[in-house]
């Protein structure tokens, strides 16, 4: 499986072939490059007969700035958890406001820990969903206020079913 990478707002799928990471695909197009490590954060890259000096800077809030031939770019690697949040409509740093919480999987509602009007902080416990004999604590995706509860304790939910709406 490849890695999704955002560079200055554009998203790319990078897949490497083998361990040396000298070739692979970039958005399904093959590439070959030669990467030489100069020091801890400095690399020299040759791609398509062009030379690039790359400096990898310290990560800030999950984003890693890089400097390529003196030009600054903001990069972010998107992992499987980011992909899951995106599928659930809870992208980190997304459009800002989260309007609803959807079931990440089919399951049985064991607990509902909130009621309409509750103000939640990101990470607060919202409910417990049992799926495949495991209890899954579903947490608030952001600082939100509960508008309505769309499910009932003891009932089942389907994947992507809206469970809670936020104001």
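Every number here is computed from the coordinates shown, using simple stated rules; none is lab data. For clarity, every value in this text was computed on a predicted model and none was experimentally measured. Ideal geometry is used to build each Cβ from the backbone, glycine not excepted, and the neighbour counts take in all protein chains shown.
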* **Cβ-based exposure ranking for 129, 13, 120, in which fewest neighbours within 10 Å come first** => 13, 120, 129
* **Sorted by Cβ density within 10 Å, fewest first, the residues 166, 12** => 12, 166
* Match the structure shown to one of the listed values (i) 14.9, 42; (ii) 21.2, 63; (iii) 16.3, 49 of Rg and Dmax of the Cα atoms in Å, computed from it, and give that label. => (ii)
* Asked: At what distance in nm do the modelled label points of residue 162 and residue 25 sit from each other, each positioned 7 Å from its Cα along Cα→Cβ?
  -> 3.7 nm
* Footprinting exposure proxy for 108, 84, 101 (fewest neighbouring C-beta atoms within 10 Å first) -> 84, 108, 101
* Structure fact -> extent check for the stretch 97-166: Cα max minus min per principal axis, descending, whole Å, gives 30, 18, 18
* To the nearest Å, what is the center-to-center distance of the stretch 91-167 and the stretch 1-59, using C-alpha atoms only? -> 38 Å
